[in-house]
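Peer 1: Sending over a structure as structure tokens; questions will come in a sec.
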Amino acid sequence: MPISRKQTRRLITFGGIAVIGALIAFMVFLQIEASRNTEFKRTYEQIILDTNALTQEYTAEEERWLSQDNNTLIQVIDRYLPRYDRLIERANTLNTPEKYESAKNYLVSAIELERQSYEHFRNYLVTGDQSEYQESSDLISRSLEQSVNADAAIKEAG
């Protein structure tokens with residue numbers, strides 16, 4: 001049975017509506033994805049700012065006590081380590097779009113290595129073991145490398 005002109009117009013109308021609906025859905029998807037990327041980058045940047053501020057704060061405390069009193073400096077480190085743990089947790093729980101996954105992983109690694117560095121420095125202060133001091137220095141260098149990698153990865157992802 002042949003299709004009438006009326007049925008053809010209906011098919012074209014419904015087809016057009018379906019295409020328009022698909023385009024709108026795709027545009028909404030793109031908007032949601034752009035919003036998710038923006039939110040990730042905002043939160044990611046805030047974690048970096050918070051980490052930098054914490055590092056500066058810790059460094060000032062370390063400089064204040066370094067030449068005076070190991071016990072006080074050990075207490076300072078003990079107060080700061082949980083703050084690094086919280087930054088690591090925040091970074092690990094980021095809602096990360098796939099294209100930013102490596103940047104997030106580098107960021108987490110940088111913070112973890114920095115934290116470990118302070119832990120080994122604490123061990124050095126307690127024991128006087130020079131290998132702990134060397135490990136602390138090596139870890140802080142690796143942390144800086146991971147920070148550079150994180151910067152490169154976030155720029156590459158866009």
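Peer 1: Expressed as a whole percentage, what fraction of the accessible surface of the stretch 39-158 belongs to carbon and sulfur atoms when a 1.4 Å probe is rolled over the protein heavy atoms?
Peer 2: Carbon and sulfur together cover 45 percent of it.
Peer 1: Only Lys, Arg, Asp and Glu count, each charged at its Cβ (+1, +1, -1, -1), so figure out the dipole size of the chain about its Cα centre, rounded to 20 debye.
Peer 2: 2000
Peer 1: When only C-alpha pairs under 8 Å and at least 6 residues apart count, what is the relative contact order of the stretch 41-158, in percent?
Peer 2: Result for the stretch 41-158 is 26 percent.
Peer 1: Now a separate question. Taking a probe of 1.4 angstrom, what is the accessible area of Thr59 in Å², to the nearest 10?
Peer 2: Accessible area of Thr59: about 50 Å².
Peer 1: To continue, here is another question. Among Gly128, Ala91, Pro2, which residue has its Cα positioned farthest towards the positive end of the charge dipole of the chain, with +1 placed on the Cβ of Lys and Arg, -1 on the Cβ of Asp and Glu, and the dipole taken about the Cα centre?
Peer 2: Pro2
Peer 1: Thr43 to Glu98: extension gain in nm, 0.36 nm per residue of separation minus the Cα-Cα distance?
Peer 2: Gain on extension, Thr43 to Glu98, equals 18.3 nm.
Peer 1: Calculate for the chain the 222 nm mean residue ellipticity that helices alone would give, adding -39,500 (n - 2.57) per DSSP H run of length 4 or more and normalising by residue count, nearest 500 deg cm²/dmol.
Peer 2: Result for the chain, helices only: -32000 deg cm²/dmol.
Peer 1: Ok, one more. Which residue fluctuates most in the GNM of the chain (Cα springs below 10 Å): Ser67, Ser102, Ser137?
Peer 2: Residue with maximal mean-square fluctuation among Ser67, Ser102, Ser137: Ser67.
Peer 1: Let me ask something else about it. Over the chain, average the accessible area per residue using a 1.4 Å probe and give it in Å², no decimals.
Peer 2: With all protein chains present, the chain gives 66 Å² per residue.
Peer 1: Work out the count of Lys pairs in the chain where the Cα-Cα distance is under 25 Å, with the pair 8 or more places apart or on different chains.
Peer 2: Count of close lysine pairs: 5.
Peer 1: Here's another thing I want to ask about it. Which percent of Cα pairs goes in each bin when the distances of the stretch 76-122 are cut into 10 angstrom slices starting at zero?
Peer 2: 27, 48, 20, 5
Peer 1: Express in Å², to the nearest 10, the accessible area of Arg142 obtained by rolling a 1.4 Å probe over the protein heavy atoms while all chains stay in place.
Peer 2: 120
Peer 1: Work out the length of the dipole vector of the stretch 11-78 about its Cα centre, built from +1 on the beta-carbon of each Lys and Arg and -1 on the beta-carbon of each Asp and Glu, and round it to the nearest 20 debye.
Peer 2: It comes to approximately 680 debye.
Peer 1: Okay, moving on. Take the chain, compute every pairwise Cα distance, and split them into 5 Å bins from 0; I just need the percent in each bin.
Peer 2: Calculated over all Cα pairs of the chain, the distribution is 2, 8, 13, 15, 12, 9, 8, 6, 5, 4, 3, 3, 3, 3, 2, 2, 1, 1, 1, 0 percent.
The values are calculated or read from the model by the stated rules, or taken from the named source; none is laboratory data. Keep in mind that what you see is a predicted model, and the values were worked out from it rather than measured. All Cβ positions, glycine included, derive from the backbone under ideal geometry; neighbour counts span all protein chains shown. Accessible surface is based on the protein model in full, side chains and every heavy atom, while ligands, DNA and RNA are left aside. Shrake-Rupley method; radii C 1.70, N 1.55, O 1.52, S 1.80 Å.
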